[in-house]
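**Q** Once you've had a glance at the structure underneath, I'll fire off some questions.
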Amino acid sequence: MNRFDYILFDLDGTLLDTSNGVLSAAVCTIQKYNREVPEPAVLESLIGPPIQSSFRRLYGLSEPEAMEMADAFRKIYMTDEFLLRAIPYKGIYRLFQELLDIKANIGIATYKREDYAKRLLLKKGFGQYTDFIYGSDYAGKLKKADIIGMCLRDMGCIDLSSAVYIGDGTSDGIGAGEAGISFIGVTYGFGFKTVRDAEVFSPIAVANSCDELKRILLTQKAF
């Protein structure tokens, strides 16, 4: 079996540990609106999905109320003080370089708003590995499958069997399935805590670290 020619990654919980910045900005926003800060396990669920959807779910807000709160969050999070707290996962740069060495096409498709995603990833050095960075629209209307699809289209992928998406959570597994491409789950991020969690979405493999992910992608021994 040939290796995948198009390898797409989620951002939060897959490339970068963004938890400190996202959650700190979320707490500031919640306190600004005099709402109760949820317990840590619930607070962590804010990482990944569109923030307005999370605020609406947590506090029973109307769509305009959720958008207002989301706008306040973005103004806080977009500052370097919060955005750049993200930490690359150990081994991720080495993985990207080795993928480039075998001439794989690398893309990034994330629920993070696209302007934030590009700014963050370029600041963290990922621009040397790919020009294909796609994220959510301002209103958060795009589904993960839409974002994956746009990325694949602009990368020139015609044969979907040559593409794989890598992510750490439910939206990633669903998005890959809806986009019609293979999925690899990772358990070192925010979403999946165990291999069994990821297996719900029929992944072709599950990685517990970036080094393990590298072995899977470069040798395909787990496929």
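A quick yes/no check of all residues on (1) in contact (Cβ under 8 Å) with a residue 60 or more places away in the chain; (2) crowded, with 19+ Cβ neighbours inside 10 Å; (3) over 23 Å from residue 208 (Cα atoms); (4) of a type in the set (Val, Ile, Thr):
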site	(1), (2), (3), (4)
14	yes, yes, no, yes
35	no, no, yes, no
51	yes, yes, yes, yes
62	no, no, yes, no
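**Q** Let me ask you something else. Residue 131 fails exactly one of the following numbered conditions: (1) out of contact with any strand residue (DSSP E or B) (no Cβ under 6 Å at 6 or more places or on another chain); (2) within 25 Å of residue 170 (Cα to Cα). What is the number of that condition?
**A** Checking residue 131 against (1) out of contact with any strand residue (DSSP E or B) (no Cβ under 6 Å at 6 or more places or on another chain); (2) within 25 Å of residue 170 (Cα to Cα), the one that fails is (2).
**Q** Failed condition for residue 152, given (1) more than 21 Å from residue 21 (Cβ to Cβ); (2) at pLDDT 95 or above; (3) surrounded by fewer than 23 Cβ atoms within 10 Å (Cβ to Cβ), with all others met?
**A** (3)
**Q** Is one or more of the residues making up the range 211-219 within 16 Å of the chain's Cα centre (by Cα) and assigned to a helix (DSSP H, G or I)?
**A** Among the residues of the range 211-219, at least one is within 16 Å of the chain's Cα centre (by Cα) and assigned to a helix (DSSP H, G or I), which makes the answer yes.
**Q** For the subset of the range 127-147 comprising residues that are hydrophobic (A, V, I, L, M, F, W, C) and in a loop (DSSP other than H, G, I, E, B), which member is surrounded by the fewest Cβ atoms within 10 Å (Cβ to Cβ)?
**A** Step one: list which residues in the range 127-147 are hydrophobic (A, V, I, L, M, F, W, C), which gives 132-133, 139, 142, 145, 147.
Narrowing the set further to residues that are in a loop (DSSP other than H, G, I, E, B) leaves 132, 139, 142.
On the way: 132: 18, 139: 12, 142: 18.
Here the residue is 139.
**Q** So residue 219 ticks every box in (1) of a type in the set (Val, Ile, Thr); (2) touching a Lys or Arg at 6+ places or on another chain (Cβ under 6 Å); (3) modelled with pLDDT under 95 but one. Which box is left unticked?
**A** Residue 219 satisfies every listed condition except (2).
**Q** From the residues in the range 143-165 that are touching a residue at least 12 places away in the same chain (Cβ under 8 Å) and of a type in the set (Lys, Arg), which one is farthest from residue 202 (Cα to Cα)?
**A** 143
**Q** Under 6 Å by Cβ, and 6 or more places apart or on different chains, what pairs join a residue from the range 90-106 that is more than 15 Å from residue 215 (Cβ to Cβ) with one that is at pLDDT 95 or above and assigned to a helix (DSSP H, G or I)?
**A** 105/155; 106/99
Residues checked against (1) in contact with an Asp or Glu (Cβ under 9 Å, 6 or more places away or on another chain); (2) surrounded by 14 or more Cβ atoms within 10 Å (Cβ to Cβ); (3) of a type in the set (D, E, K, R):
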{"residue": "176", "(1), (2), (3)": "no, yes, no"}
{"residue": "179", "(1), (2), (3)": "yes, yes, no"}
{"residue": "192", "(1), (2), (3)": "yes, yes, no"}
{"residue": "197", "(1), (2), (3)": "no, yes, yes"}
{"residue": "202", "(1), (2), (3)": "no, no, no"}
{"residue": "206", "(1), (2), (3)": "yes, yes, no"}
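**Q** Now for a different question. I need the full set of residues from the range 124-141 which are within 24 Å of residue 86 (Cα to Cα) and modelled with pLDDT under 95, in order please. Walk me through how you get there before you give the answer.
**A** If we filter the range 124-141 for residues that are within 24 Å of residue 86 (Cα to Cα), which is where we start, we get 124-140.
Once the filter is applied, which keeps residues that are within 24 Å of residue 86 (Cα to Cα) and modelled with pLDDT under 95, the range 124-141 yields 136, 137, 138, 139, 140.
**Q** Still on this structure, I have one more. Taking the criterion of being loosely packed, with under 14 Cβ neighbours inside 10 Å and farther than 21 Å from residue 4 by Cβ, would at least one residue in the range 97-108 satisfy it?
**A** no
**Q** Mind listing whichever residues of the range 87-126 are within 23 Å of residue 173 (Cα to Cα), small (Gly, Ala, Ser) and outside any helix (DSSP H, G or I)?
**A** Within the range 87-126, 91, 104, 107, 109 qualify.
The values are calculated or read from the model by the stated rules, or taken from the named source; none is laboratory data. Source: prediction; values computed, not measured. Virtual Cβ from ideal backbone geometry, glycine too; neighbours counted across all protein chains shown.
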